[in-house]
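Below is one structure. I have some questions about it.
The values are calculated or read from the model by the stated rules, or taken from the named source; none is laboratory data. Quick caveat: nothing in here was measured; it's all calculated off a predicted structure. Every residue, glycine as well, gets a Cβ built from its backbone with ideal geometry; the counts of neighbours run over all protein chains shown.
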Amino acid sequence: MTTYQKWIAFYTMIRKDIVRMFRIWVQTFLPSVITSTLYFLVFGTVLGSRIGDMQGVDYMTFVVPGLVMLAVVTTSYANTSFMFFTSKFFARSIDEILVSPTPPWLLIAGFVSGGIVRGLLVGLLVLLVSLFFTGLTLTIHSALVIFGFAFLTALVFALAGLVNGIYAKTIDGINIVPTFFLTPLVYLGGIFYSVHSLPDWWQAITYANPLFYLINGFRYGFLGITDVALSTSVLILLVMVVILVAINWYFIRTGLGLKQ
Amino acid sequence: MAENALVVNDLKKVYKNGTEALKGVSLTVPAGDFFALLGPNGAGKTTIIGIVTGLVNKTSGTAEVFGYDIDKKPEQAKAQIGLVGQELNFNPFEKPLDIVTNQGGYYGIPRSIARPRAEQLLKDLGLGEKMMGRAMELSGGMKRRLMIARALVHKPRFLVLDEPTAGVDVELRRGMWDYLRKLTSEGLTILLTTHYLEEAEQLAKHVAIISKGQIVANGTMSDILAMHDEEAAAKSGYKGGKLEEVFIRLTSEK
Ligand SMILES: Nc1ncnc2c1ncn2[C@@H]1O[C@H](COP(=O)(O)OP(=O)(O)O)[C@@H](O)[C@H]1O
Ligand SMILES: [Mg+2]
């Protein structure tokens, strides 16, 4: 395949996924908007007024970046794990790509990009919803940090979702990780509080949670405040990117578990 | 030297569960041929096709498609082939027109070219009315024809069909055979597997019969028909077609 042909194959994959997600927007975009609205209502408006400030900012404003991150993480993960799993086991439509000259790395790029696109779109929607609760004010400390963290986080979790999709043998197999690991890690990663407000032992555990660094880096992009140095957050994020790219590269080399 | 669409040499396949599906298969499909690969269920036909089209890993042996080795030049080899698999393998929620157009995309064909081509193919195959509905609304025979359209969208030189007429009723089967015959007359090489021996007898130029992972007969249709054993057939009271008699004798347990 020429480079131009590869672009066409890539465009075909990503276009197909985007058309799909907009066609079934009730399943792909709406749920995150509804849950985040509930969070903003409960934590921001109802409880937030009693909590007051967190690290010197209004509680609602403090919570927004973490909830956007929660949406990005779970959505990009879910999109690739689900898409890969279903195209493998449901009607086996992945054969359409496997018989074509599209190389395996490009197939992966197609699936992962779909996850990134949906993760970022859902994150943006949640951010827009939050504006209704913050009186349409949005503080931006560094757009570069915001976009960098959002994009790389979506990439990491799209890649992680793909690994899950490759391993999963049943539909439950793609729900275990999000339910039992991902969501708890994000919740305990300091979305709702500053790590300094925790008891010592809990602080120690929090520092072992990689999501904590991502959420803090992302929050820094908006508010300029963070519990850890931005450079530490960036480093952890880049390490995660490297690890997941390496794992996926291994799968590409070994046939993605797709060939008998 | 005449060009070959497919050269398979000493192909072996052992599946992970230990099943020895191919025990050293060699085959040559000359360019422009209509080649029938016949064999009872479980003989290894789908496995051969899977290896050649990149869906199954081989254990050993080599395969070349129009001179492109499937290991060394997988992209070029795959670009030559259009596959109509044995199992339905499209997303039933998608529209036939999208399925065929997107398949062109995976072969690097821009949408502006793939879409009209997909439309034409679907019309030629009698799916013009149905191409904007969901694929799941198609009948069994229509689904099979959708897969043929999808396999042709990138204008392959070599069309591989794995039991394309299974479960398709007689009349539609005729139509499908006529369509395939027209394609070969235009220069396309066809390899197919089928259970309908009478039809294979009328259409195929070359035949290979495979049984338990090994080729038991291989030659032109007239070579194979010459193996017909009048006496043995008479003795066993057999009254079917010639090819069928040869097939049953070669593939039955000794
Ligand atoms: N994925 C698989 N895992 C294990 N054994 C398989 C698999 N696919 C096919 N087989 C076995 O390999 C043999 C050949 O199968 P196949 O190529 O499908 O035959 P055919 O297409 O001629 O009916 C059979 O014994 C079948 O059970
Ligand atoms: Mg078969």
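So which of A:32, A:100, A:49 is facing chain B (nearest Cβ under 8 Å) and either touching a His at 6+ places or on another chain (Cβ under 9 Å) or assigned to a helix (DSSP H, G or I) (or both)?
Exactly one residue qualifies, and that residue is A:100.
Follow-up. Do you know which of the residues in the stretch A:213-260 that are among the small types (Gly, Ala, Ser) and at negative phi is nearest to ligand 1 (Cβ to nearest atom)?
Among them, the one singled out is A:246.
How many of the residues making up the stretch A:71-97 are buried (at least 24 other Cβ atoms within 10 Å of the Cβ), touching a Ser or Thr at 6+ places or on another chain (Cβ under 8 Å) and hydrophobic (A, V, I, L, M, F, W, C)?
3
Here is a list: B:29, B:100. Which entry is outside any loop (DSSP other than H, G, I, E, B), in contact (Cβ under 8 Å) with a residue 60 or more places away in the chain, away from ligand 2 (no atom under 16 Å from the Cβ) and of a type outside the set (D, E, K, R)?
Selected residue: B:29, the only one of B:29, B:100 that is outside any loop (DSSP other than H, G, I, E, B), in contact (Cβ under 8 Å) with a residue 60 or more places away in the chain, away from ligand 2 (no atom under 16 Å from the Cβ) and of a type outside the set (D, E, K, R).
If you take the residues in the stretch B:181-225 that are hydroxyl-bearing (Ser, Thr, Tyr) and more than 13 Å from ligand 1 (Cβ to nearest atom), which one is nearest to the other protein chains (Cβ to nearest Cβ)?
B:189
Just need a number here: residues in the stretch A:104-145 that are among the hydrophobic types (A, V, I, L, M, F, W, C), outside any helix (DSSP H, G or I) and on the phi < 0 side of the Ramachandran plot.
4
From B:108, B:61, grab the single residue that is modelled with pLDDT of 95 or more, touching a helix residue (DSSP H, G or I) at 6+ places or on another chain (Cβ under 6 Å), away from ligand 2 (no atom under 16 Å from the Cβ) and at positive phi.
Residue meeting the stated conditions: B:108.
Which residue, of B:105, B:54, is at the interface with chain A (Cβ under 10 Å from one of its Cβ atoms) and crowded, with 24+ Cβ neighbours inside 10 Å?
Result of the check over B:105, B:54: B:105.
Is it the case that the stretch A:197-213 has a residue that's among the hydrophobic types (A, V, I, L, M, F, W, C) and under 22 Å from residue A:75 (Cβ atoms)?
Yes - at least one qualifying residue is present in the stretch A:197-213.
Taking residue A:235 as the residue in question, decide whether it is more than 30 Å from residue B:49 (Cα to Cα) and part of a helix (DSSP H, G or I).
For residue A:235, the condition - more than 30 Å from residue B:49 (Cα to Cα) and part of a helix (DSSP H, G or I) - is met.
Only residues that are assigned to a helix (DSSP H, G or I) and within 10 Å of ligand 1 (Cβ to nearest atom): list them for the stretch B:33-53, please.
Selection gives B:45, B:46, B:47, B:48, B:49, B:50, B:51.
Identify all residues within the stretch B:16-42 that are within 14 Å of another protein chain (Cβ to nearest Cβ) and exposed (fewer than 14 other Cβ atoms within 10 Å of the Cβ); write none if there are none.
Listed by number, the residues that qualify are B:16, B:17, B:18, B:19, B:20.
Suppose the filter is out of contact with any strand residue (DSSP E or B) (no Cβ under 9 Å at 6 or more places or on another chain) and away from ligand 1 (no atom under 16 Å from the Cβ); does residue B:94 pass it?
For residue B:94, the condition - out of contact with any strand residue (DSSP E or B) (no Cβ under 9 Å at 6 or more places or on another chain) and away from ligand 1 (no atom under 16 Å from the Cβ) - is met.
I'd like to verify a number: residues in the stretch B:60-77 that are away from chain A (no Cβ under 11 Å), out of contact with any Gly (no Cβ under 9 Å at 6 or more places or on another chain) and either touching a residue at least 60 places away in the same chain (Cβ under 8 Å) or not acidic (Asp, Glu) (or both), how many?
So the count comes out to 7.
All but one of (1) farther than 22 Å from residue A:36 by Cβ; (2) touching a residue at least 12 places away in the same chain (Cβ under 8 Å) hold for residue A:204; which doesn't?
Just one mismatch for residue A:204, condition (2).
Looking for something over 26 Å from residue A:247 (Cβ atoms) and part of a helix (DSSP H, G or I) - is there at least one such residue anywhere in the stretch A:147-169?
no
Given the criterion within 14 Å of the chain's Cα centre (by Cα) and either at pLDDT below 95 or of a type in the set (Val, Ile, Thr) (or both), identify the matching residue among A:102, A:61, A:74, A:86.
Unique residue meeting the criteria: A:74.
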